[in-house]
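Okay, so here's the structure we're looking at.
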Amino acid sequence: MQHKTGALAGVRVLDLSRILGGPYCGQILGDHGADVLKVEPPQGDDTRTWGPPFRDGVASYYFGLNRNKRLQFLDLASPEGQQRVRTLMAQADVVLENFKVGTMEKWGIGYEQMKQELPHLVWCRVTGFGADGPLGALPGYDAAIQALAGLMSINGEAGGDPLRVGLPVVDMVTGLNAVIGVLLALHERATSGRGQLVDAALFDSGLSLLHPHAANWFMSGKLPQRTGNAHPNIYPYDVVHTGGAPVFLAVGNDRQFALLCQHIGQASLAQDARFASAGQRSVHRVELKAVLEAALRQADGARLADELMAIGVPAAAVLNVEQALTHPHTLHREMVVKMGAYTGLGAPVKLSRTPATYRHAPLSEGADFLPIDPGQ
């Protein structure tokens, strides 16, 4: 029996997706109470092989995206698999899929074919470029979209080569946009009684990440350039070297800059015409960084970051992944979840009355949706 265990309790999600964007969407919906049935092909989701590391032959990559789902294997190219999926679709509220455009239509179970039969369905399609247009129906991959959407052109050191962001940011943001779209469609369905297609394309999501570079270009016509760790509009908003760990300074206004200068024994910098205003600090960033690093040459970076935060200057020591995941505040925010042998990242959205819950570790089996508690 599915009891009230989250904001989306009672919502049934059929997750036919694989790789990242779709499964990430399904995991988020599951974390917040949806009953998620995942269907994989007989050989399993490709990401099962994306390792090492592996546990029992399944890669960590897969474990990171498939919590709070119950799993079954179906061959959707077979009549039996197609009929079984039709049965599950009729019971579902949401379908997630990211097949190449035309594949599900070829099998007779695409959106246009099913929406007349099942008008209540919210159908979320994750694609590379959408179904039509100059690049429509072409396959999309995170790094290729980073290149095509301009993200690589503004990522990397000044004067260096374009650089891929070191995580699948386009896939993950597409998954988040898919969640937003599903929630919007479910909200609208409560009034109309009708589902609709949620179209989440990697290309669109990649372009949506271009702030402030797109805004800068729209206004000035000047082509954005790579600035390394530094912000294109604000300074000091950059990594600076110290006598210990490097520190990221995120100084966003004149008051914060004055506090920084006073704390490091360089109060006169806040009155220097080159640095007295945000705009001038951005223009004279090279000189300012040199002055700051000279002043911090003997500083303990980690201690400095803590001291600056305590007086209202945003700053942080640059941590590695292990340090970030074992930080006391990470644990306080419940951002590490353990279920038996499984350990994963927690849900970042915290709801006061209906918090996220962790009910099914990855690889849990399930053939049918759970009965809904009639008391809900």
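A quick yes/no check of all residues on (1) at negative phi; (2) touching a Leu at 6+ places or on another chain (Cβ under 9 Å):
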position: Arg18; (1), (2): yes, no
position: Gly22; (1), (2): yes, yes
position: His32; (1), (2): yes, yes
position: Asp46; (1), (2): yes, no
position: Pro52; (1), (2): yes, no
position: Asp56; (1), (2): no, yes
position: Gln72; (1), (2): yes, yes
position: Asp75; (1), (2): yes, no
_It is to be established whether one or more residues within region 56-73 are surrounded by fewer than 23 Cβ atoms within 10 Å (Cβ to Cβ), in contact with a Ser or Thr (Cβ under 7 Å, 6 or more places away or on another chain) and β-branched (Val, Ile, Thr)._
no
Considering region 102-122, residues that are surrounded by fewer than 19 Cβ atoms within 10 Å (Cβ to Cβ) and over 17 Å from Gln196 (Cβ atoms), and then whichever is modelled with the lowest pLDDT, we arrive at Gly102
Scanning region 81-92 for residues that are open to solvent by 30 Å² or more (accessible area, probe 1.4 Å) and either among the hydrophobic types (A, V, I, L, M, F, W, C) or in a loop (DSSP other than H, G, I, E, B) (or both) gives Ala90
Counting only residues in region 184-202 that are open to solvent by 80 Å² or more (accessible area, probe 1.4 Å) and not small (Gly, Ala, Ser), the one farthest from Thr47 (Cα to Cα) is identified as Thr191
Exercise. Looking only at region 123-132, decide whether some residue is basic (Lys, Arg), within 18 Å of the chain's Cα centre (by Cα) and within 25 Å of Leu197 (Cα to Cα).
Key: yes
Scanning region 237-259 for residues that are open to solvent by less than 30 Å² (accessible area, probe 1.4 Å) and over 14 Å from Ser277 (Cα atoms) gives Asp238, Val239, Val240, Thr242, Val247, Leu249, Ala250
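Of all residues in region 40-54, count the ones that are open to solvent by 10 Å² or more (accessible area, probe 1.4 Å) and either out of contact with any strand residue (DSSP E or B) (no Cβ under 8 Å at 6 or more places or on another chain) or over 18 Å from Asp171 (Cβ atoms) (or both). Give the steps one after another, and end with the answer.
Quick first cut of region 40-54, residues open to solvent by 10 Å² or more (accessible area, probe 1.4 Å) only: 41-43, 46, 48-54.
So of that shortlist, the ones also either out of contact with any strand residue (DSSP E or B) (no Cβ under 8 Å at 6 or more places or on another chain) or over 18 Å from Asp171 (Cβ atoms) (or both) come out as 41-43, 46, 52-54.
Adding up the residues that qualify gives 7.
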Residues of region 204-236 being surrounded by fewer than 12 Cβ atoms within 10 Å (Cβ to Cβ) and aromatic (Phe, Trp, Tyr), in sequence order, are Phe218
Filtering region 233-260 down to residues that are within 31 Å of the chain's Cα centre (by Cα) and without any contact (Cβ under 8 Å) to a residue 24 or more places away in the chain yields Tyr237
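I'd like to check something: does region 31-45 contain any residue that is part of a helix (DSSP H, G or I) and under 27 Å from His120 (Cα atoms)?
As a first pass, look at region 31-45 and keep what is part of a helix (DSSP H, G or I): 31.
Retained after the next criterion (residues that are under 27 Å from His120 (Cα atoms)): 31.
Within region 31-45 (the criterion being part of a helix (DSSP H, G or I) and under 27 Å from His120 (Cα atoms)), the answer is yes, since at least one residue qualifies.
The values are calculated or read from the model by the stated rules, or taken from the named source; none is laboratory data. Small disclaimer: the values here were computed from a predicted structure and weren't measured. We place every Cβ from the backbone using ideal geometry, glycine too, and count neighbours over all the protein chains shown. Ligands, DNA and RNA are stripped out before the accessible areas are found, and what is left, the full protein with its side chains, is counted by its heavy atoms. Shrake-Rupley method; radii C 1.70, N 1.55, O 1.52, S 1.80 Å.
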